[in-house]
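Worksheet for the structure shown next.
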Amino acid sequence: MKKYILLLVVLLPLIAHAQSVEAYFEKIRNNKAELIAFFSQMPKGGDLHHHYSGSVYAETYIADVFSKNYFINTGTLQVLKQPPANADKKLWKQFSAIKDSGLIESYKQKLLQKWSVKDYNGISYPSDKQFFETFGGFGLASWETQSEGLVELKNRAKKENVSYIETMFTTISCDPLKTIDTSYDHLLEQAQNNKDEAATTKLLDALYRLANEKGAKACADNFNNYVADLHNTLHIDDSSFTMRYQNYVVRTMQPLAVFRNLVVAFMSADASKLIVGVNIVAPENNDTSMRDYWLHMQMFKYCHAKFPNVKYSMHAGELVLGMVQPEELTWHISEAVRIAGANRIGHGVDLPYEYKPYQLLQYMAEHKTAIEINLYSNEFILKVKDSEHPLKLYKDFGVPIVICTDDAGVLRSNLIHQYVLLAMRYKFIHYADIKHFVYNSIQYSFIEEPEVKAYLKQKLDKDFDRFEKQVLAVNVNN
């Protein structure tokens, strides 16, 4: 009996504490400025759906290419170290010449608008194309500024009270695997056309053996050493911040290229505590992505059997009616969850169109398959917001929810912005729910070291206690 009394003595003040913060939250939830101030101070745990190159702000990339005096095509704004051999020399200028002509600020502005969604007017160009084309623009600068970019992301996260980032860092290049006979592309396509799982598995077995023979493991090990050196040299982890990495494959490539990259990605993640997972990226509505979606799910299923300890999240259901044929909205999330065995799903926006969506939601809830919600990304790329977003369905069925940014640099956004949108648009979401989502971001992270995950949870406990006391102090004084 004494134990229960002591427990009540400890818990009752905490419950009253949380209820008071809830009351303050409800009081301010229609005031955007007050919500920004609230969420700026609130501990936000982790950002689990996070693309490295798209999260660094374009200013960093622009400063890099300017400082290196690269060439820019003044018509297309393409930036290269050297112009193509057959290029029209009149169109290509070095940045030093741009500066001498007094047009430096004009070109900075043009590149900001090309390499992000800054000043996008919503009319002149499709929003999804605007978003995805930015990556090809700053690709060179992104690769050359990885040290600066990682430090930028860490410092920004700490200022925003984000304690963990799980970033999709890069795909792994492995030149020896590029010598594998490309006739496998046709064979894989045939197997997919027939939905022949046995034939697909047989082909993947052969390709897996070839990948091993040609040195896939050496490529994975070299990459892991590179990431570890970068991470440790930059002192990315400290007492208030932790970062881990996902490898990814690009789904718009031909089947052989996707699979060989996937094998190396899984090998890498299996051998490293820093690289905690695998993902698949690029527009889901791309012709190749749509054609090979079934095959990609078989590839993930195959790699999971080879590397059962590797976790993976998948972009699935980042589609809306009108973007693809209606029947294509009915199966992507289900295949990613049930066939590929994804541990988390990124976006999941077309959930209401899925075949038997209630059963799918129950399956995700039972298997603790978390959903990565990217509110502003979905609004900008897909034009989905408010009640059209399936957030309430996921919540009502008990699917674990995490709130994420996607590509904060390209979208000129941050995690604070996502929580403000959450609070203002969805009145069925309360402070207790938000706090739960924050804890989910650590619980459903792919962190492999139990002690690291435990530390981040304990840090959240302390940070929330401090934050809630600050909120109550303001509430009492006002």
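The values are calculated or read from the model by the stated rules, or taken from the named source; none is laboratory data. Note that the coordinates shown come from a computational prediction; the quantities given were computed from them, not determined experimentally. Reconstructed Cβ throughout: ideal geometry from the backbone, glycine too, with neighbour counts over all protein chains shown.
Of all the residues in segment 252-280, those that are free of Cβ contacts under 8 Å to residues at least 60 places away in the same chain and in a loop (DSSP other than H, G, I, E, B) number 5.
Is at least one residue of segment 24-37 in contact with a Phe, Trp or Tyr (Cβ under 9 Å, 6 or more places away or on another chain), of a type in the set (A, V, I, L, M, F, W, C) and farther than 30 Å from residue 447 by Cβ? Yes, the conditions are met somewhere in segment 24-37.
Looking only at segment 353-381, how many residues end up being assigned to a helix (DSSP H, G or I) and surrounded by fewer than 21 Cβ atoms within 10 Å (Cβ to Cβ)? The qualifying residues number 9.
On the given criteria, is residue 198 among the small types (Gly, Ala, Ser), in the same structural domain as residue 281 (by TED's automatic domain parsing), more than 30 Å from residue 107 (Cβ to Cβ) and without any contact (Cβ under 8 Å) to a residue 12 or more places away in the chain? It is true that residue 198 is among the small types (Gly, Ala, Ser), in the same structural domain as residue 281 (by TED's automatic domain parsing), more than 30 Å from residue 107 (Cβ to Cβ) and without any contact (Cβ under 8 Å) to a residue 12 or more places away in the chain. Looking across segment 433-476 at every residue that is polar (S, T, N, Q) and modelled with pLDDT under 95, the one that is nearest to residue 309 (Cα to Cα) is identified as 470.
A single entry from 341, 317 fulfils the requirement of being within 19 Å of the chain's Cα centre (by Cα), without any contact (Cβ under 8 Å) to a residue 40 or more places away in the chain and in the same structural domain as residue 447 (by TED's automatic domain parsing): 317. Within segment 43-101, the set of residues being surrounded by 18 or more Cβ atoms within 10 Å (Cβ to Cβ) and assigned to a loop (DSSP other than H, G, I, E, B) comprises 43, 44, 45, 56, 57, 70, 78, 83.
Whenever a residue of segment 159-173 is in the same structural domain as residue 280 (by TED's automatic domain parsing), it has no partner that is surrounded by fewer than 21 Cβ atoms within 10 Å (Cβ to Cβ) and modelled with pLDDT under 95 lying with C-beta atoms less than 7 angstrom away and at least six residues away or across chains. I'm trying to understand the selection: among the residues of segment 172-191, which are buried (at least 18 other Cβ atoms within 10 Å of the Cβ) and either of a type in the set (A, V, I, L, M) or within 28 Å of the chain's Cα centre (by Cα) (or both)? Of everything in segment 172-191, those that are buried (at least 18 other Cβ atoms within 10 Å of the Cβ) and either of a type in the set (A, V, I, L, M) or within 28 Å of the chain's Cα centre (by Cα) (or both) turn out to be 172, 174, 177, 180, 187, 188, 191.
On the given criteria, is residue 410 surrounded by 21 or more Cβ atoms within 10 Å (Cβ to Cβ), outside the structural domain of residue 130 (by TED's automatic domain parsing) and part of a loop (DSSP other than H, G, I, E, B)? Taking the combined requirement at face value, the residue does not satisfy it. On inspection, residue 429 does not qualify as assigned to a helix (DSSP H, G or I) and either assigned by TED's automatic domain parsing to the domain that holds residue 346 or touching a helix residue (DSSP H, G or I) at 6+ places or on another chain (Cβ under 8 Å) (or both). What pairs can you find where one residue is in segment 102-114 and in contact (Cβ under 8 Å) with a residue 24 or more places away in the chain, the other is outside any helix (DSSP H, G or I) and surrounded by 14 or more Cβ atoms within 10 Å (Cβ to Cβ), and their Cβ atoms are less than 7 Å apart, with a gap of 6+ or different chains? Between residues of segment 102-114 that are in contact (Cβ under 8 Å) with a residue 24 or more places away in the chain and residues that are outside any helix (DSSP H, G or I) and surrounded by 14 or more Cβ atoms within 10 Å (Cβ to Cβ), the close pairs are 107/72; 110/77; 111/77; 112/118; 114/77.
In the set 228, 218, 198, only one residue is loosely packed, with under 13 Cβ neighbours inside 10 Å and part of a helix (DSSP H, G or I); that residue is 198.
Based on this model, can you work out whether residue 142 counts as farther than 28 Å from residue 41 by Cα, in contact (Cβ under 8 Å) with a residue 60 or more places away in the chain and buried (at least 19 other Cβ atoms within 10 Å of the Cβ)? So residue 142 fits the description; yes.
Examine segment 344-359 for a residue that is outside the structural domain of residue 127 (by TED's automatic domain parsing), under 19 Å from residue 296 (Cα atoms), at pLDDT 95 or above and of a type in the set (Ser, Thr, Tyr), and state whether such a residue exists. The answer is no; no qualifying residue exists.
Taking residues in segment 70-83 that are among the basic types (Lys, Arg), and partners anywhere that are part of a loop (DSSP other than H, G, I, E, B), the pairs with Cβ atoms closer than 8 Å and at least 6 places apart or on different chains are 81/68; 81/70.
The C-beta contact set for segment 362-389 (first residue within 17 Å of residue 334 (Cβ to Cβ), second residue surrounded by fewer than 15 Cβ atoms within 10 Å (Cβ to Cβ), distance under 8 angstrom, 6+ apart or interchain) comprises 365/398.
State whether one or more residues within segment 320-338 are surrounded by 22 or more Cβ atoms within 10 Å (Cβ to Cβ), charged (D, E, K, R), closer than 25 Å to residue 377 by Cα and modelled with pLDDT of 95 or more. No: zero hits. You will find that of 418, 443, the residue that is under 19 Å from the mean Cα position of the chain (by Cα) and crowded, with 21+ Cβ neighbours inside 10 Å is 418 and no other. In segment 201-215, the qualifying residues are those that are touching a residue at least 24 places away in the same chain (Cβ under 8 Å) and assigned to a helix (DSSP H, G or I), and the one that is surrounded by the most Cβ atoms within 10 Å (Cβ to Cβ) is 204.
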